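S.K.: Got a structure for you, written out below as structure tokens; questions coming shortly.
Computed from the coordinates by the stated procedures, all read-outs in this text should not be read as laboratory data. The structure displayed is predicted, hence computed values, not measured ones. Note that we place each Cβ from the backbone using ideal geometry, even for glycine, and neighbour counts take in every protein chain shown.
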Amino acid sequence: MRWLCLAGVCSKALKIERTDDVKAAAYVNGACITDSYWIKPAGSNLKYSDIRFKENHFAMMALKGDTNIYGYDLRLIDTRTPELTNIGCAEKCWIVAPDNQWHLIKRGTPQMIFSEMFVYLLGRMFGYSMAEYMVKDSTAIESVDFTDNASENYETIQSLINDRTDDYALNYDVLMNLNPSAALDYVRMLYLDAIVRNPDRHEFNYGVLRDRSSGAVRGLAPNFDNNLALISTGPIASTKRTSDTMIRDFCELINSRQIKFDLPMIPTVNQIDRLVRQINVEVNTDGIAEFIINGMTAAENQII
């Protein structure tokens, strides 16, 4: 029952009666874009290929409020929609892209779009595992389903630690017991969050990938959802990072657990400026290079 509640947390009134989360999830057999767990009524001959999402007639309604959907005869189309499984405050939708992969499109301010894309590029520069992002325009960004059409199952960290995301040591220990490589990627995620000051790493914004057959944890899911980092709420007010709480908390984890963590090489101003120029979104980028460099320097100085 708890799993069903989480699977259907965003119930939109798309020609089905307004109902609770469990009924909304049951409407799509508990299916989700990023995993292959589902429910089958007793006596049903359904197969996963019958219930998995193949298209999304409601994408533009969810993203932009486009009411052209009402031109369809909903009795003649498959009205099952992945929009019933979306979570988060930003307007978003799943579409099947020309590469036949599911892509997620998310709306935001130009500052949010820039920040999401910059963190993605910075993480790639560091060699970290990042969900793939592309800027659509100044108000929307697109990312690729990192489960490769549910070839692996994605499980949010909520199922493992509940909402204790601020307990870095607990998260690290749990992941170490499951898969040491996942624990290392978790540390990398925390480091990147601290450097770009991402305050939004809640229990549904990271998780693990499991083998579909055995359930074994294969690793941490690629880093995603960084749209509230960096300049998302406005220009950088100060580039000083000497008393930065997120950097301090990260370094305390490294020092207390004596974790062997290789800090990335601090980039030059020119390297960061090149990342900024790759992002075709007009925003105030003053201070970004200094902010990043000072943050990385502060972390380097605090790690024993």
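S.K.: Determine, for Phe250, Phe126, the number of other Cβ atoms within 10 Å of each Cβ, and report the residues in order from fewest to most.
M.R.: Phe126, Phe250
S.K.: Additional query: From the gyration tensor of the Cα coordinates in the range 74-159, what semi-axes in whole Å does the equivalent ellipsoid have, largest first, with each one equal to sqrt(5λ)?
M.R.: Details: eigenvalues 117, 60, 35 Å².
Its equivalent ellipsoid spans semi-axes of 24, 17, 13 Å.
S.K.: For the range 158-198, which trypsin sites (Lys or Arg not before Pro) are in a loop by DSSP, counting at most 16 other Cβ atoms within 10 Å? Walk me through the intermediate numbers first.
M.R.: Values: sites: Arg164, Arg188, Arg197; in loops: Arg164, Arg197.
Answer by residue number: Arg164.
S.K.: Moving on. If we restrict to alpha carbons, what Rg and Dmax does the range 180-254 come to, in Å?
M.R.: Rg then Dmax for the range 180-254, in Å: 14.6, 49.
S.K.: Given the convex hull over the Cα atoms of the range 83-236, what projected area results after averaging over all orientations, in nm²?
M.R.: Taking the Cα atoms of the range 83-236, their convex hull projects to 9.3 nm² on average.
S.K.: Residue by residue, what Karplus-based ³J(HN,Hα) values in Hz, rounded to whole numbers, does the range 262-270 have, using 6.51, -1.76 and 1.60 with θ = phi - 60° and x for Gly and Pro?
M.R.: Values per residue, Gly and Pro as x: 7, 5, x, 5, 5, x, 7, 4, 5 Hz.
S.K.: Related question: Compute the angle between helix 168-178 and the longest alpha-carbon principal axis of the chain, please, reported from 0 to 90 degrees and rounded to the nearest 10.
M.R.: It works out to around 60 degrees.
S.K.: Another question, then. Can you give the helix-only mean residue ellipticity at 222 nm for the chain, where every DSSP H stretch with n ≥ 4 adds -39500 (n - 2.57) and the sum goes over all residues, rounded to the nearest 500 deg cm²/dmol? Working shown, then result.
M.R.: Working: 11 runs with 110 residues, N = 304.
It lands at -10500 deg cm²/dmol.
S.K.: Arranged from highest to lowest average of other beta-carbon atoms within 10 Å per residue, in what order do the peptides 171-178, 113-120 appear? Kindly include the intermediate steps, with their values, before the conclusion.
M.R.: Working: 171-178: 18.4, 113-120: 25.8.
Answer by packing, highest mean first, reads 113-120, 171-178.
S.K.: May I have the convex hull volume per residue, in Å³, for the Cα set of the chain?
M.R.: On the way: hull volume 43.4 nm³, N = 304.
That works out to 143 Å³ per residue.
S.K.: For the ranges 259-270, 274-285, what's the packing order if you count other beta-carbon atoms within 10 Å of each residue, average per peptide, and put the highest first? Before the final figure, lay out each step's value.
M.R.: Working: 259-270: 12.6, 274-285: 15.1.
Descending packing order for the listed peptides: 274-285, 259-270.
S.K.: Using just the alpha carbons, could you tell me how many Å³ per residue the convex hull of the range 160-304 encloses? Don't skip to the end; give the middle numbers.
M.R.: On the way: hull volume 18.4 nm³, N = 145.
For the range 160-304, the hull spanned by Cα atoms encloses 127 Å³ per residue.
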